[in-house]
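The values are calculated or read from the model by the stated rules, or taken from the named source; none is laboratory data. Since this is a predicted model, take the numbers as computed values, not measurements. A quick note on method: Cβ atoms are made from the backbone with ideal geometry, for glycine too, and the neighbour counts reach across all protein chains shown. These area figures cover heavy atoms from the full protein model, side chains too; ligands, DNA and RNA do not enter into them. Shrake-Rupley method; radii C 1.70, N 1.55, O 1.52, S 1.80 Å.
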Amino acid sequence: MKIYIRSAACISPQPTFNFTGLLTQPVGYATNRLKVITPDYKSYIDAKLIRRMSRVIKLGVAAALQCLRDAGIDMPDAIITGTAYGCLEDTGIFLTRIVEQEEQMLSPTSFIQSTHNTIGAQIALSLQCHNYNNTFTQQGHSFESALLDALLLFKEQEICNALVGSADELTDISFDILNRFGLYRRSAGNSLQLLQTRQKGTIAGEGTAFFTLTTATDTKNMAELHAMETFYNMDSGSEVQEKIKAFLEQQNLRPEAIGLIISGYNGDTENDKIYEQLQQGIFSGVPVAGYKHLCGEYPTSISFALWLAAVMLKEGNVPPSLNINPAPALPVKQVLIYNHYQHRYHTLMLLKAC
């Protein structure tokens, strides 16, 4: 059974939402924290509801509804969401009020809206959808778990299409907490030069991306999601390389036959060691691109990479802003995404042109 990406919508620190060109003019930031470019919500959400929704909920609902519009689907058979952090803004508000009000007379609103499944629930409420709805919060494998759930539903012939996506935000509180662990750079530089200036730490990011998946063959399909695999807690780069070799052998694919590899480089010296070993080993001579200089690092950033791959396969073009080495042959027919999050959560995705 072939699974196709019918449509994709992405809200990120780049002009990716309702884009007119594939990152031909990427936005550079002189900061160690990238924020999404906020869209006009009035086209997607009732004005009375906008002020009641937190930022990440509005982002998720807008991306999901635009994705369905592009696919020409009014009611999805399933809504599946992945998020590592959930609704951090509401979580922070609720915890702050616990302290300020000494655990007395607390409004339950922020608590109710802070749960991870609020994003998927609000999408369903917007559509009046009573079909399958599930949310996964698996840290660096949250979005991948949502995708795997959809693939299993397709395999069991429970659904004909699915809306699958991710959303993660960064608040002032969460940024300060994560920054204490040394995850981010102390000095701000040009974000577009992130991968050329290796040092300790990366830049924080956030974003949302949604995809409609279908088994139906159609000229509107963007790409085929041919295969995916996740693995956890690899001890060394050589162990990762063996996993990738086995994955490609299962697909009867040689590394040199891959048109482009989208890799999870994030500029951090320790983080990028695995990618460098792969580029000198199994990926030697194969075009390799990065993407986190465009969206920043966050647990579900691979959804940005998947959006990027789907659009490139649909358009047959690769933007130079991806820092590709060497230059790929156009049009690209196959894209392999490999990303790891904090050396524990590893993911492979293979996409093919339709």
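Filtered by the rule that a residue be buried (at least 20 other Cβ atoms within 10 Å of the Cβ) and either free of Cβ contacts under 8 Å to residues at least 12 places away in the same chain or of a type in the set (Lys, Arg) (or both), the stretch 240-298 gives a lone residue, LYS292.
For the stretch 210-224, enumerate the residues that are among the aliphatic types (A, V, I, L, M) and touching a helix residue (DSSP H, G or I) at 6+ places or on another chain (Cβ under 8 Å).
First pass over the stretch 210-224, keeping only residues among the aliphatic types (A, V, I, L, M): 213, 216, 222-223.
Hits for the stretch 210-224 are LEU213, MET222, ALA223.
Test TYR29 against the criterion of being more than 15 Å from SER166 (Cβ to Cβ), of a type in the set (Phe, Trp, Tyr) and touching a residue at least 40 places away in the same chain (Cβ under 8 Å), and give yes or no. Yes, satisfied. Only residues that are open to solvent by 10 Å² or more (accessible area, probe 1.4 Å) and small (Gly, Ala, Ser) were counted across the stretch 136-153, and they come to 1.
Looking only at residues of the stretch 37-61 that are of a type in the set (Val, Ile, Thr) and part of a loop (DSSP other than H, G, I, E, B), we find that the one that is nearest to CYS295 (Cα to Cα) is ILE37. Across the stretch 154-183, the number of residues qualifying as open to solvent by 20 Å² or more (accessible area, probe 1.4 Å) and either assigned to a helix (DSSP H, G or I) or among the acidic types (Asp, Glu) (or both) comes to 11. Residue count for the stretch 313-354 under the criterion of being in contact (Cβ under 8 Å) with a residue 60 or more places away in the chain, assigned to a helix (DSSP H, G or I) and out of contact with any helix residue (DSSP H, G or I) (no Cβ under 9 Å at 6 or more places or on another chain): the result is 3.
Being modelled with pLDDT under 95, under 25 Å from HIS346 (Cβ atoms) and either touching a strand residue (DSSP E or B) at 6+ places or on another chain (Cβ under 9 Å) or of a type outside the set (A, V, I, L, M) (or both) is a property that holds for LEU170. Summed over the stretch 184-219, residues that are open to solvent by 30 Å² or more (accessible area, probe 1.4 Å) and either out of contact with any Pro (no Cβ under 8 Å at 6 or more places or on another chain) or on the phi > 0 side of the Ramachandran plot (or both) total 16.
Please specify each residue of the stretch 259-297 satisfying the condition of being in contact with a Lys or Arg (Cβ under 9 Å, 6 or more places away or on another chain) and under 21 Å from ALA309 (Cα atoms). Before you say what the answer is, go through the steps one by one.
Filtering the stretch 259-297 down to residues in contact with a Lys or Arg (Cβ under 9 Å, 6 or more places away or on another chain) leaves 259, 264-270, 272, 282, 296.
Hits for the stretch 259-297 are GLY259, GLY264, TYR265, ASN266, GLY267, ASP272, ILE282, GLY296.
Based on this model, can you work out whether GLN25 counts as crowded, with 21+ Cβ neighbours inside 10 Å and on the phi < 0 side of the Ramachandran plot? No, not satisfied. Would you tally the residues in the stretch 230-247 being charged (D, E, K, R) and assigned to a loop (DSSP other than H, G, I, E, B)? Qualifying residue count for the region: 1.
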